[in-house]
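As structure tokens, the structure follows; a few thoughts come after it.
The values are calculated or read from the model by the stated rules, or taken from the named source; none is laboratory data. Keep in mind the model is a prediction, meaning the values are calculated, not measured. Note that each Cβ is placed from the backbone with ideal geometry, even for glycine, and that neighbours are counted across all protein chains shown.
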Amino acid sequence: MCFMLGTAMSNAQTSLDRGAEIIPNSVIPPSERKLRIPDQFFRHDDARERVRTGDIVSLAIIRKAVKKQYSGRIVDVRLLVPKREGLNYLYDVRVLTNSGQLLSVKVDAKSTQIIDVKG
């Protein structure tokens, strides 16, 4: 263990010898720090904005449409973003039926029309 610590310290010392400067994050002014916001937050904001503008319907409406067609428990819902311009957003709703079968139901996010069912 001492060997590894010594190696780590010698590597840090070597980089300092080469002129590299180690600056703790707390010393960098907040205006110069780069914040990394996870992509999932951008997707949530985008989905909220699309519901607000009427491009897609809310998750509550999608859940009601799926429950009307398939009895069971909704265990997962994902908003699928189209990869090309002109395609619609889809919701992928996973339903665990009363008989224990797991269904993947693809629903058009604007019209609530069921597009595809697998499982």
Restricting to the stretch 82-119, name every residue that is among the aliphatic types (A, V, I, L, M), out of contact with any Leu (no Cβ under 9 Å at 6 or more places or on another chain) and closer than 22 Å to GLU49 by Cβ.
LEU87
Check on GLU85, assigned to a helix (DSSP H, G or I), exposed (fewer than 13 other Cβ atoms within 10 Å of the Cβ) and at pLDDT 60 or above:
no
Give the residue that is nearest to ASP46 (Cα to Cα), with candidates limited to residues of the stretch 88-112 that are in a strand (DSSP E or B) and among the polar types (S, T, N, Q).
SER104
Considering (1) crowded, with 16+ Cβ neighbours inside 10 Å; (2) touching an Asp or Glu at 6+ places or on another chain (Cβ under 8 Å); (3) at pLDDT below 95, say which one LEU80 fails and leave the rest.
(1)
Matching residues in the stretch 57-87 - criterion: being polar (S, T, N, Q) and under 13 Å from ILE114 (Cβ atoms):
GLN69
Total residues in the stretch 64-77, condition crowded, with 16+ Cβ neighbours inside 10 Å and either of a type in the set (Ser, Thr, Tyr) or more than 17 Å from the chain's Cα centre (by Cα) (or both):
5
Would you check which residues across the stretch 65-89 are among the basic types (Lys, Arg) and closer than 18 Å to LEU102 by Cα and list them?
LYS67, LYS68, ARG73, ARG78
